[in-house]
Amino acid sequence: MKSTIQDKTKLVNSVFSKVYKKYDLMNDIMSLGVHRIWKKKLIDWMNPQFNDNLIDVASGTGDIAKLFSKKINNLNKVSCVEPNNDMYLAGKDNLKKFANITWHKAKAEKLPFNNDTFDFYTISFGIRNVSDINLSLKEALRVLKPGGRFMCLEFSKVNNEMINFLYQNYSKTIPIIGKYIVGSSKPYDYLVESINKFYSQKELVNLMKQNGFSNIEYRNLSSGISAIHSGWKI
Ligand SMILES: C[S@@+](CC[C@H](N)C(=O)[O-])C[C@H]1O[C@@H](n2cnc3c(N)ncnc32)[C@H](O)[C@@H]1O
């Protein structure tokens with residue numbers, strides 16, 4: 001078990017160190033820009049108010065922190081958490097103009113914050129990459145204030161046969177695109193495999209429930225290619 005966790009940590013770290021320079025470009029190409037709409041939908045559903053603070057875990061290049069910040073006029077505090085050094089530096093540099101955003105090099109499994117600190121916790125295309133999902137969910141619950149909300153955007157399971165057929169075939173081309181743009185297909189083999197292996201919408205609801213979240217709901221995006229899960233700390 002311990003070596004499996006260490007193996008995944010190493011694998012994921014090497015994947016993101018290979019892709020960080022072209023991460024944003026590849027997201028736009030692979031999703032034809034749709035990831036931007038999904039991220040906006042997450043912030044719209046969240047509907048943050050003046051004074052709400054956010055922890056954004058697995059921040060990458062900082063898309064969610066930026067959208068959240070812009071939504072409330074760059075006034076609210078945002079703490080970005082990212083363990084991969086290359087992604088961390090890229091994200092920090094991307095958002096250097098935002099005085100309300102701080103960066104922390106840490107993992108979802110061990111967050112450097114006190115209990116009951118945040119109004120919102122977000123993790124966007126990150127939970128699939130953590131080494132211990134149960135521990136990560138427990139940490140999310142711990143750092144949220146009572147009444148705080150967890151929101152997760154992640155690839156999920158397609159609920160339409162025809163779209164699933166097209167999507168599965170399209171997925172086969174992603175490592176080829178990766179080879180052309182990034183110079184290596186391996187990170188994108190990992191991407192496709194990790195999406196296929198990840199939990200369904202209902203399985204993720206159950207995991208959230210088992211780890212202490214309440215009033216859990218989810219919304220499918222693009223027929224379930226992705227989904228946003230929401231849960232509360234009561
Ligand atoms: C696909 S990127 C998502 C970036 C960004 N949130 C987005 O939506 O574009 C996944 C990120 O998760 C980070 N990550 C991997 N393992 C993690 C862990 N255990 N805890 C937190 N973040 C992790 C990776 O380094 C990477 O930057």
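The values are calculated or read from the model by the stated rules, or taken from the named source; none is laboratory data. Keep in mind that what you see is a predicted model, and the values were worked out from it rather than measured. Note: ideal-geometry Cβ built from the backbone for every residue, glycine included; neighbour counts use all protein chains shown. Ligands, DNA and RNA are stripped out before the accessible areas are found, and what is left, the full protein with its side chains, is counted by its heavy atoms. Shrake-Rupley method; radii C 1.70, N 1.55, O 1.52, S 1.80 Å.
Of note:
- Evaluated over the stretch 2-232, the Cα radius of gyration and Dmax, each in Å: 16.8, 47
- Surface accessible to a 1.4 Å probe, GLU217 within the full protein complex, Å²: 90
- Karplus-derived 3J(HN,Hα), 6.51/-1.76/1.60, for each residue of the stretch 89-94, Hz, glycine and proline x: 5, 5, x, 4, 5, 4
- Accessible surface of the stretch 158-205, 1.4 Å probe, proportion on carbon and sulfur as whole %: 60
- Of LYS172/LYS209; LYS97/LYS186; LYS97/LYS157; LYS22/LYS70; LYS40/LYS145; LYS92/LYS186, pairs whose Cα-Cα distance is over 30 Å: LYS172/LYS209; LYS97/LYS186; LYS97/LYS157
- A DSSP coil position with no more than 12 other Cβ atoms inside 10 Å describes the following trypsin sites (Lys or Arg not before Pro) in the stretch 57-166: LYS96, LYS97.
- Linear extension gain, SER31 paired with SER185, 0.36 nm per residue minus alpha-carbon span: 53.8 nm
- Phi-derived couplings, Karplus 6.51 cos²θ - 1.76 cosθ + 1.60 at θ = phi - 60°, listed residue by residue for the stretch 195-210: 5, 4, 7, 6, 5, 6, 3, 6, 4, 5, 4, 4, 4, 5, 4, 4 Hz, with x used for Gly and Pro.
- Computed per residue of the chain from DSSP H runs no shorter than four, each worth -39500 (n - 2.57), the mean residue ellipticity at 222 nm is -14500 deg cm²/dmol.
- Short-range pairs are left out: with C-alpha atoms under 8 Å and at least six residues apart, the relative contact order of the chain is 19 percent.
- In this structure the amide hydrogen of ASP56, modeled in the peptide plane, comes within under 5 Å of the amide hydrogens of SER79, CYS80, VAL81, THR122, none closer than 5 places in sequence on its chain.
- The stretch 66-110, accessible area per residue, ligands and nucleic acids excluded (1.4 Å, Å²): 56
- Here LYS110 is the anchor, and the aspartates and glutamates within straight C-alpha reach of less than 15 Å, apart from those fewer than 8 places off in the same chain, are ASP56, GLU82, ASP132, GLU139.
- Computed from the C-alpha gyration tensor, the three semi-axes of the ellipsoid equivalent to the stretch 162-234 are 30, 14, 9 Å, from longest to shortest.
- Reducing the stretch 62-108 and the stretch 2-34 to their Cα centroids gives an inter-centroid distance of 18 Å.
- Solvent-free Debye calculation, one equal scatterer per alpha-carbon of the stretch 78-200: log10 I(q)/I(0) at 0.14 Å⁻¹ equals -0.78.
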